[in-house]
1. So, by mean Cβ neighbours within 10 angstrom, what's the order for 87-96, 29-38 with the highest one leading?
2. Using θ = phi - 60° and the Karplus form 6.51 cos²θ - 1.76 cosθ + 1.60, what ³J(HN,Hα) does each residue of the stretch 9-19 get, whole Hz, x for Gly and Pro?
3. Around Tyr112, which amide H atoms from residues at least 5 apart in sequence, or from another chain, sit under 5 Å from its own amide H, with H modelled in the peptide plane?
4. Taking the Cβ of Ala168 as the center, what net charge do the other residues with Cβ under 12 Å away carry, scoring Lys and Arg +1 and Asp and Glu -1?
5. Under 5 Å between amide H atoms, partner at least 5 residues away or on a different chain: which partners does Ser117 have, H built in plane at 1.01 Å?
6. Return the long-range amide H neighbours of Asn177 (sequence gap of 5 or more, or a different chain), with a cut-off of under 5 Å between placed amide H atoms.
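Each reported figure results from applying straightforward, stated rules to the coordinates on display, with no laboratory input. Computed from a prediction, not measured in an experiment: that's the story for all the values here. Please note: Cβ atoms are built from the backbone with ideal geometry, for glycine as well, and neighbour counts cover all protein chains shown.
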Amino acid sequence: MDIKNIIIKSYKKAYDASNGAKPQIIASTEGDRNRQRSKNFVEMLAENFDNEYKRYKKHKSEKIIVFSRGCRKNRCSFGLNELLHDIAVCSVSKSKAPKQKKVKLSYITRVYWQVESEFARDSKQAIIDFNKLVLGSADNKLFVGSLVKNNSKAKDSVMCKKFMKTLAKPAGACRGNIYAAFLPHPSEWKADSAPIVCQFIGNQFVEI
């Protein structure tokens, strides 16, 4: 799975939605627009995860579902939209209820991805959300945050590097494959902007 491509596609679709494409963002204030942009990105990312796993032949024998706040199709089986994380990609199965034998109860068999996002440029809030990834059991974990920059070249800025170094500490406590995506803050989205996608390798985040 090309996680970098999935993130870039999700950002582009969310950006397009803020500039007239469907689902179009209608906001009365800049703050509302920024919240809608971040929400749209998460939902586009969930949608792209769903599409990606539907394509994988090796997962045909599994029932894989994607939990996210904006998706209601799992609510009947699990009683909620969002399962602990902003996005969770899970393999599921069913077990018979102890009394009503015809009733099937859904449960998680494996977690492929857990995603947390925090677009506020606040390292404390970022660490709070990253802690949720440390608690998780997914094979792959992704943190999505805003670029922290002190010059026009965001990925080369001192603040961006310091932010990645700060996140590297909790990342080192995670199990599985750890990724981080850094997007422009929703107030600074542009057509020619692109997310920076990194993988945690050798105790540091390395751009991929």
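1. Sorting 87-96, 29-38 by mean packing, highest first, produces 87-96, 29-38.
2. Once rounded to whole Hz, the list reads 4, 5, 5, 5, 5, 5, 5, 4, 5, 7, 10.
3. The list, which skips near neighbours in sequence, is Val89, Cys90, Ser91, Asp139.
4. Neighbour charge sum, excluding Ala168 itself: +4.
5. Asp86, Val144
6. Close amide H contacts, sequence-distant or interchain: Asn140, Lys141.
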